[in-house]
1. Using the Cα gyration tensor of the range B:1-117, with a ≥ b ≥ c the square roots of its eigenvalues, what is the shape: rounded (a/c below 1.5), prolate (a/b larger than b/c) or oblate (neither)?
2. How tilted is helix B:48-57 with respect to the longest principal axis of chain B? Cα atoms for both, answer in degrees (0 to 90, nearest 10).
3. So what is the relative contact order for chain A, in percent, with contacts set as C-alpha pairs under 8 Å and at least six apart?
4. Tell me, what % of the accessible area of the range A:82-130 is carbon and sulfur with a 1.4 angstrom probe?
5. Averaged per residue, what accessible surface does the range A:13-132 expose to a 1.4 Å probe, in Å²?
6. Compute a Gaussian network model of chain A, connecting alpha carbons closer than 10 Å, and tell me which residue from A:GLY78, A:GLY106, A:GLY15 fluctuates the most.
7. Tell me what chain B gives for mean residue ellipticity at 222 nm when only DSSP H runs of n ≥ 4 count, each as -39,500 (n - 2.57), the sum divided by the residue total, rounded to 500 deg cm²/dmol.
8. Cα centroid distance between the range A:53-132 and the range B:69-132, in Å?
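The values are calculated or read from the model by the stated rules, or taken from the named source; none is laboratory data. The structure displayed is predicted, hence computed values, not measured ones. Here the Cβ positions follow ideal geometry from the backbone for every residue, glycine too, while neighbour counts run over all protein chains shown. To get the accessible areas, we keep the full protein, side chains included, count just its heavy atoms, and leave off ligands, DNA and RNA. Shrake-Rupley method; radii C 1.70, N 1.55, O 1.52, S 1.80 Å.
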2 protein chains.
Amino acid sequence: MDFPAPGPKSELEEGLRLTPRFGPDGLVTCVATDHETGELLMVAHMNRESLARTIETGEAWYWSRSRAELWHKGATSGQIQTVREMRIDCDQDAVWIRVSVAGDGGCCHTGRRSCFYRRVERASDGTPLLAV
Amino acid sequence: MDFPAPGPKSELEEGLRLTPRFGPDGLVTCVATDHETGELLMVAHMNRESLARTIETGEAWYWSRSRAELWHKGATSGQIQTVREMRIDCDQDAVWIRVSVAGDGGCCHTGRRSCFYRRVERASDGTPLLAV
């Protein structure tokens, strides 16, 4: 599967062709939420190949920036993400996938269900601090 | 407001200090969802100053990559985003803000409420196409 090059702004925003705008690093941002609850699970990245594989297989494939490799989410952990819906944003540089998570239902490598397990708050002196 | 440099992985993931990991471009990814409905509104970026201003003012400030400037969301459109909750992910390179949107409640520059107004589907020959 290949993706056509992005056209002019009007087509990018109003057209019905998927023409992803990969950044200088070859990536688009991908946001994964839980299909049932809507909870934000993770934010990751996809290159051309991982986006194509995600569309072709219906399972989430990312590009691991830290390992610099294609990453079939759940291949080792069992936490496969089945894509129930994929959406793209106005300028086609961000993808939103709504997923069902297999295995133990977790998503974060720390063992949590979501990667966003800490709130940003402020101490009385204004300093930001994190709360679980 | 300044942010301490990120510590070791254990502190980054389990610590209670906000030590954002800005990328080589000086940015973290920011996901904004509607505080009431949970709807994904937009994906944008924050540099050090926009993150600090967002925390200090309680309103969303982004870094516009296309205009290369600090961007107080809604300053011209009236679509100010008031931050009801901010969360950070495991490795502190992505921020999630849950917001209430002022003005007409819109978020996307195309006039839609959310930037993610198109679904990715597949034609009968497998080609991806977008549906509204």
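1. Verdict is prolate for the range B:1-117.
2. Taking Cα atoms only, the helix is inclined about 90 degrees.
3. Reported as a whole number, the value is 21 percent.
4. 44 percent
5. 43 Å²
6. Comparing A:GLY78, A:GLY106, A:GLY15 in the GNM, the peak value goes to A:GLY15.
7. It comes out at -3000 deg cm²/dmol, rounded to the nearest 500.
8. 17 Å
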